[in-house]
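Below is one structure, written out as structure tokens; comments come after it.
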Amino acid sequence: MSKTKVSIKDIAQKAGVSTALVSYVLNGKEKESRVGQEIALKIKQIASELNYQPSHLAKSLRSGKTHTIGLIIADISNPFFANIARVVEDEAKRYGYTVIIGSSDENAEKSQDLIDVLVNRQVDGFIIVSAENSDQQVQLLKNKHIPFVLLDRYFPEIATDFVSTDHYKASYDAGTHLVRNKYKHIGMIAYDSQLFHMKERIRGYRDALQDNNITHHSSWLKEVRINDIESGVKRALDEMLSSDQPIDALLFATYSLAVSGLKYINKLGLKVPDELAIVSFGQAEVFELYYCPITYLKQPIVHLGQTAVELLINKLKNKPDEPAQILMQAELIERASSKTKKTLKA
């Protein structure tokens, strides 16, 4: 079998017609060019026999579209982002788009580098999980009228398309759940971050305690730097457990924080939930495999990813005037780690 790439000219020569006529037929424009059904069928059969593969580059040059989407996620090692990338990839394929994926590793500079590379690759649009301090990047994309949708994280001061979990409500529900299960000293470990979604998780936690008449102590909330998770979580737990009001329950603001925290809790020999109840954002197999299955906030990964693609495709095709801004609800999956606290009998 010849390895030479078959061209439109080869098909035209074998069919005895012009290259223009072949081009019309293979691009589905035979009706516009009034090509007879018989000759159109002959051209398609010859193209199939010769195993003709169209040049996507040439097609892109003609249409100005590459049918590719740039997906920038925060951390490919995090199961939440890995799973959502798969959903985006599968959904985009249904619309005839290929996805180019990059991970910013929660770094704004790397995020900018990825945007620059993907713009040069002429992607038709972006789906972006924003990194810290990347708001100017988002504003610049908007100013340049480059289509994009923000996923999971967004900047409320910038009018953009986004689809996200209602982080405030999810955290509020987690805090309320722990209060109802008789816990009174509820702590939270979050990231030291200015990203809106993280601030919303902290706000939801605080409001849940306040609305349930629990006085919050400053030692109960610890914010850990993202580049110092393991040692930061250890320090946070040591301080929370040794304070004048030691915690009896703990909400982890992310999966990564929870994994580090559970490792250290095991090292300390603390029994979950008898000595410390646990709830975490995010879902992963590790939460099911832990000796005491972990209660977690299940974000609608499939719906988030599919909706982000749908919003972007709509922007590419219809160019709506107003941004679409969608918040989705997380589901609290109750497991043994936060069961009702045992109380001592009088």
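Sorting MET188, MET198 by the number of Cβ atoms found within 10 Å of their own Cβ, with the fewest placed first, yields MET198, MET188.
For ILE127, the amide hydrogen comes within under 5 Å of the amide hydrogens of GLY70, LEU71, ILE72, VAL149, counting only partners 5 or more places away or on other chains and with H modelled in the peptide plane.
Length gained on full extension, LYS341 to THR19, computed as 0.36 nm times the residue gap minus the Cα-Cα distance: 108.1 nm. Applying the Karplus relation 6.51 cos²θ - 1.76 cosθ + 1.60 with θ = phi - 60° to the range 222-238 yields 3J(HN,Hα) values of 10, 10, 10, 6, 5, 9, 8, 5, 4, 6, x, 5, 4, 4, 4, 5, 4 Hz, where x marks Gly and Pro. As a length-normalised measure over Cα pairs under 8 Å and 6 or more apart, the relative contact order of the chain settles at 16 percent. Sorting TYR255, TYR95 by the number of Cβ atoms found within 10 Å of their own Cβ, with the fewest placed first, yields TYR95, TYR255. Each residue of the range 187-200 was assigned a 3J(HN,Hα) from its phi angle through the Karplus expression (A = 6.51, B = -1.76, C = 1.60, θ = phi - 60°), giving x, 9, 10, 10, 7, 7, 8, 8, 4, 4, 5, 6, 5, 5 Hz with x at Gly and Pro. Among ILE39, ILE73, ILE313, the residue with the largest mean-square fluctuation in a Gaussian network model of the chain, with springs joining Cα atoms closer than 10 Å, is ILE39. Bridgeable aspartates and glutamates around LYS44 (alpha carbons under 13 Å apart, same-chain partners fewer than 8 residues away excluded): ASP10, GLU30.
Residue ranges 45-51, 272-278 sort as 272-278, 45-51 when ordered by packing (mean number of other C-beta atoms within 10 Å per residue, highest first). Would you mind checking LYS5/LYS317; LYS234/LYS271; LYS184/LYS263; LYS93/LYS315; LYS142/LYS317; LYS169/LYS298 for any pair whose Cα atoms are more than 22 angstrom apart? Among LYS5/LYS317; LYS234/LYS271; LYS184/LYS263; LYS93/LYS315; LYS142/LYS317; LYS169/LYS298, the Cα-Cα distance tops 22 Å for LYS5/LYS317; LYS184/LYS263. Projected onto planes of every orientation and averaged, the convex hull of the alpha-carbon atoms in the range 307-346 covers 5.2 nm².
Going by average Cβ density within 10 Å per residue, which order do the peptides 290-297, 119-126 take, highest to lowest?
The densest-packed peptide leads the list: 290-297, 119-126.
For GLN245 and ASN212, the difference between the fully extended length at 0.36 nm per residue and the C-alpha to C-alpha distance is 10.1 nm. Eigenvalues of the alpha-carbon gyration tensor of the chain, scaled by 5 and square-rooted, set the equivalent ellipsoid semi-axes at 54, 20, 17 angstrom, largest first. Sequentially through the range 130-142, phi angles give Karplus couplings (6.51, -1.76, 1.60; θ = phi - 60°) of 5, 8, 4, 6, 10, 4, 5, 5, 5, 4, 5, 4, 5 Hz, Gly and Pro residues having no value and appearing as x. Rounded to the nearest 10 degrees, the inclination of helix 79-94 to the longest alpha-carbon principal axis of the chain is 20 degrees.
No lab work stands behind these numbers, since they all come straight from the coordinates. Remember, predicted model here, so these are calculated numbers, not experimental data. Here the Cβ is made from the backbone with ideal geometry for all residues, glycine too, and neighbour counts use every protein chain on show.
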